[in-house]
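J.: What follows is a single structure, and I will ask about it in a moment.
The values are calculated or read from the model by the stated rules, or taken from the named source; none is laboratory data. Everything numeric in this text was worked out from a predicted model, so none of it was measured. Note that each Cβ is placed from the backbone with ideal geometry, even for glycine, and that neighbours are counted across all protein chains shown.
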Amino acid sequence: MTGSHFPQAIVFDACCTAALSCFEQNGFHGTSIRQIASAAGLSVPGLYHHYPSKAALLEKLCEVSMGELHTALVQARDSAKSTIDRFNRLVACLLEFHAEFGAVAFVTYSEIRALEPGPRAQHIESRRRVEQYITDVVTAGVSEGIFETSEPRHVARAITHICLGVAQWYRPGGPSSVEEIIEIYTGICQDAARHVR
């Protein structure tokens, strides 16, 4: 399923690409504007011409990456032929995102507190909507007798965190391909929802 939900790369401008690399290596608070500017091939005033602060760069990373994720999730949801197919496609989409784009997935999650209050609230709401896709399909599956969980929302929360965890350990060229991870972890997520086979 690699590449089936997303473009080959999420496209960021040079400033955001540099910021992402620095944030991944040093954390938000351990990164200076001067480091980001240097990585982007700009002077500090040149960077400030594009972005007024480090927080603005993080906000853009969140906005672009979550926009791509939501677009892919809607396409996965709407292309499904059945409830279990919708569940599998949504989970595969989340797994693919966190494997293929692990750096931005990890940074935008781990540095939420560095966002300004307004963008932070928007980003948290965007993440809540991601979880809602899973809650909805698990709830539908329970009503159809496909799943037997009595806690769809908690299951959805667990599934989204299972997928998020992939960003922390997956590396291209490792022992498992993205396709293998999707196959294994989709089964784990089905088990979490108590899939009736």
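J.: For region 136-153, which positions are surrounded by fewer than 19 Cβ atoms within 10 Å (Cβ to Cβ) and closer than 24 Å to Gly67 by Cα?
T.: Correct list: Asp136, Arg153.
J.: Quick one: in region 64-85, of everything that is closer than 20 Å to Leu115 by Cβ and either in contact (Cβ under 8 Å) with a residue 12 or more places away in the chain or aromatic (Phe, Trp, Tyr) (or both), which residue is surrounded by the most Cβ atoms within 10 Å (Cβ to Cβ)?
T.: Leu69
J.: Return yes when Glu59 is in a helix (DSSP H, G or I) and within 16 Å of Leu164 (Cα to Cα) and no when it is not.
T.: no
Let's see how each residue does on (1) part of a helix (DSSP H, G or I); (2) in contact with a Ser or Thr (Cβ under 9 Å, 6 or more places away or on another chain); (3) under 27 Å from Val11 (Cβ atoms); (4) of a type in the set (Val, Ile, Thr):
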site	(1), (2), (3), (4)
Ser65	yes, yes, yes, no
Glu68	yes, no, yes, no
Arg77	yes, no, yes, no
Val91	yes, yes, yes, yes
Val142	yes, yes, no, yes
Ala156	yes, yes, no, no
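J.: Let me ask something additional. Given the condition out of contact with any His (no Cβ under 6 Å at 6 or more places or on another chain), surrounded by 22 or more Cβ atoms within 10 Å (Cβ to Cβ), in a loop (DSSP other than H, G, I, E, B) and modelled with pLDDT of 95 or more, answer yes or no: does some residue in region 180-194 qualify?
T.: yes
J.: Does Thr31 satisfy being without any contact (Cβ under 8 Å) to a residue 60 or more places away in the chain and not aliphatic (A, V, I, L, M)?
T.: Yes, satisfied.
J.: Within region 22-49, count every residue that is surrounded by fewer than 16 Cβ atoms within 10 Å (Cβ to Cβ) and not charged (D, E, K, R).
T.: Matching residues across region 22-49 total 14.
J.: If you scan region 86-103, which residues turn out to be touching a Leu at 6+ places or on another chain (Cβ under 8 Å), crowded, with 18+ Cβ neighbours inside 10 Å and within 23 Å of Thr17 (Cβ to Cβ)?
T.: Result: Phe97, His98.
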